[in-house]
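The values are calculated or read from the model by the stated rules, or taken from the named source; none is laboratory data. Remember, it's a predicted structure, so these values are computed and weren't measured experimentally. Using ideal geometry, Cβ is built from the backbone for each residue, glycine included, and neighbour counts are taken over all protein chains shown.
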Amino acid sequence: MRLPRLGALLGDTLVNLRRGGWGGLAAVGAIGVCSLILGCLWLLTVNLQAILSDWRAQFEVVVFLRDDITAEQRERLRRWLHAEAAVADVQYTSKEEALALFKREVRGQASLLEGLGENPLPASFQLRIREGHQTGTALRAFATALERLEGVEEVLYGREWVDQVGRLVSVLQVAGWAVGTILGGAAIFIVANTIRLAVYARAEEIEVLRLVGATRGYIRAPFILEGFFQGLLGGGVALLLLFAGYRFVVWRLGLAPPGLLGLGGGRFLEPLQVAGLLLTGAVLGGAGSLLSVRRFLKA
Amino acid sequence: MIQFFRVQKTFGREMEALRDVSLDIRKGEFVFLTGPSGAGKTTLLRLIFRDLLPTAGQILVAGRNVVRLPGREVPALRRMLGVIFQDCRLLMDRTVAENLHVVARALGTAEEEARRKIGYLLRQVGLLHRANQSPSSLSGGEQQRVAIARALMNDPLILLADEPTGNLDAELATDVIRLLRELNARGMTILLATHNAALVSDQAKRTVVLKAGRVVADNGA
């Protein structure tokens, strides 16, 4: 597209936006609300996924050993664990090391150690689990297999925690898509109707343009751009509200003050995700306009 | 230049607007299309600029088969035509010059060329002094002359005029017809639809008479 044409197109779009009045504001508002709700869901998912990811990096399965386990059984168990695909790393803690660790952890509360008598703490293997094997089902199957092995007393891992966080993230993702689809559809509908009013208001001009041989693209472009800008504006407003809300929640929860977009008490959307949210609004606006103008020009 | 071959146009199931219309309008002709209201004059014009498609028959305009023309080629067809209406269809929120400028921009005319052409055409229709006024401040005849100037912005081969004098008194109507005859004298093919029999009889031009969708008389066929 030549520069003068682009300049004229932008000029037309700005004039249309100004003429849009309350109808235009309604479109901006609809896209803003839609983007805000999508942004909230996205932010929540991003933060939960970050928590889950951090937690997964540190995730351990602890295999407690029976006190009467023989050295031979322990070595066999160690070899079995090393050969297991789900296991990334194996660390052994003897009974003595477990007691020393316990003493370090309860330092200052010496009374807890009184009357312990013989060391009651079991020896154990601490297993780092590869990320692909950290699902609730996989861990349950792995723990059941471990518990059947000779010399194993008990297998511990945060089963409920794994299941619950995993479920929550899945639900949020599904909910995000569902809510996003419904709200996106509603926003497109509102924008389409708002733009339709603008199209009707300019029906005579469109008629003249058709008759003199203007292409459909030429006639549609200012309307589509108008919807695009309305969407961008709605997305921008939503983003500001989302950031303000995020800072408020961080402040209320007394978390460390975060950077503008960075980490700290929580995690705001990455620059690319911010751009994605803005673009979502813009695309919703553009799609609504296209729908409306297409219907009009078909007639 | 314009050929109709057994063209039929039906709206809905029963409303037959045109029945078996065959017509041949040659390059450079000035043709009056006349008949009572509802005879099918406007439908015939709309078929030429592909605002409508016929129910049956074929239409050729400047060698192009309008009926089979793909949608993306319709703008190119319309760029060969100028269309004017009884109600002028001017944009009242723009000046006279801006009404013409809208067309120049749609056609991708360079700014300097557009200004030159707008000036030339407004001078041709005698309204250069009104260039910066709103069309609403003009008389009916002046508005129609602006509409004619606008229709000439794309240098059309054919000018289609649907009741261009319908809202004008006799004197203003004669002015508009004189302007159209001047254009015709320069080689432009003109098809003018009107139900004003007096206007037609004054001009001694080819006249096609439509009645209930049929051609009932054509003194130039």
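Do we find a residue being without any contact (Cβ under 8 Å) to a residue 40 or more places away in the chain, among the small types (Gly, Ala, Ser) and either exposed (fewer than 14 other Cβ atoms within 10 Å of the Cβ) or over 22 Å from A:GLU207 (Cβ atoms) (or both) anywhere in the stretch B:5-17? Yes, the stretch B:5-17 contains at least one residue that is without any contact (Cβ under 8 Å) to a residue 40 or more places away in the chain, among the small types (Gly, Ala, Ser) and either exposed (fewer than 14 other Cβ atoms within 10 Å of the Cβ) or over 22 Å from A:GLU207 (Cβ atoms) (or both). Counting the residues of the stretch A:115-129 that are surrounded by fewer than 15 Cβ atoms within 10 Å (Cβ to Cβ) and closer than 16 Å to A:ALA83 by Cα gives 1. Taking A:LEU101, is it modelled with pLDDT under 80, farther than 30 Å from A:VAL179 by Cβ and assigned to a helix (DSSP H, G or I)? The answer is no for A:LEU101. Assess whether B:VAL74 counts as being closer than 16 Å to B:PRO156 by Cα, away from every other protein chain (no Cβ under 12 Å) and either surrounded by 16 or more Cβ atoms within 10 Å (Cβ to Cβ) or not hydroxyl-bearing (Ser, Thr, Tyr) (or both). Taking the combined requirement at face value, the residue does not satisfy it. Quick one: is B:ARG46 within 10 Å of chain A (Cβ to nearest Cβ) and either among the charged types (D, E, K, R) or in a loop (DSSP other than H, G, I, E, B) (or both)? No, not satisfied.
Only one of the listed residues (A:ALA186, A:ALA201) is of a type in the set (A, V, I, L, M), away from chain B (no Cβ under 14 Å) and out of contact with any strand residue (DSSP E or B) (no Cβ under 6 Å at 6 or more places or on another chain). That residue is A:ALA186. Exactly one residue among A:GLY227, A:GLY231, A:GLY213, A:GLY235 is in contact with a helix residue (DSSP H, G or I) (Cβ under 6 Å, 6 or more places away or on another chain) and within 14 Å of another protein chain (Cβ to nearest Cβ), and that residue is A:GLY213. Restricting to the stretch A:59-79, count the residues that are more than 17 Å from A:ALA138 (Cα to Cα) and either part of a strand (DSSP E or B) or out of contact with any strand residue (DSSP E or B) (no Cβ under 9 Å at 6 or more places or on another chain) (or both). Number of matching residues: 9. Cβ-Cβ distances below 8 Å connect the following pairs, each with a first residue in the stretch A:165-194 that is under 17 Å from A:THR135 (Cβ atoms) and in contact (Cβ under 8 Å) with a residue 24 or more places away in the chain, a second residue that is assigned to a helix (DSSP H, G or I) and among the aromatic types (Phe, Trp, Tyr), and a separation of six or more residues or different chains: A:VAL165/A:TRP55.
If B:TYR120 satisfies every condition in (1) touching a Gly at 6+ places or on another chain (Cβ under 9 Å); (2) free of Cβ contacts under 8 Å to residues at least 12 places away in the same chain; (3) hydroxyl-bearing (Ser, Thr, Tyr) but one, which is the exception? Of (1) touching a Gly at 6+ places or on another chain (Cβ under 9 Å); (2) free of Cβ contacts under 8 Å to residues at least 12 places away in the same chain; (3) hydroxyl-bearing (Ser, Thr, Tyr), only one is false for B:TYR120: (1).
Would you confirm, using the coordinates I've provided, whether B:ALA97 is out of contact with any strand residue (DSSP E or B) (no Cβ under 8 Å at 6 or more places or on another chain) and either under 15 Å from B:ALA161 (Cβ atoms) or crowded, with 18+ Cβ neighbours inside 10 Å (or both)? Yes.
Taking the conditions exactly as written (within 30 Å of B:GLN3 (Cα to Cα) and facing chain A (nearest Cβ under 10 Å)), does B:ALA56 satisfy them or not? So B:ALA56 fails the test.
Taken together, A:LEU168, A:LEU172, A:LEU233, A:LEU183 contain a single residue that is outside the structural domain of A:VAL90 (by TED's automatic domain parsing), modelled with pLDDT of 85 or more, within 25 Å of the chain's Cα centre (by Cα) and farther than 30 Å from B:ASN99 by Cα, which is A:LEU233. Of the candidates A:THR194, A:THR137, the single residue that is of a type outside the set (Gly, Ala, Ser), surrounded by fewer than 20 Cβ atoms within 10 Å (Cβ to Cβ) and more than 14 Å from chain B (Cβ to nearest Cβ) is A:THR137. Please verify whether B:GLY108 is part of a loop (DSSP other than H, G, I, E, B), more than 14 Å from chain A (Cβ to nearest Cβ) and modelled with pLDDT under 90, treating the condition exactly as stated. No: the conditions fail for B:GLY108. Each residue in the stretch B:176-194 was checked for being surrounded by 17 or more Cβ atoms within 10 Å (Cβ to Cβ) and closer than 21 Å to B:GLU142 by Cα, and 11 of them qualify.
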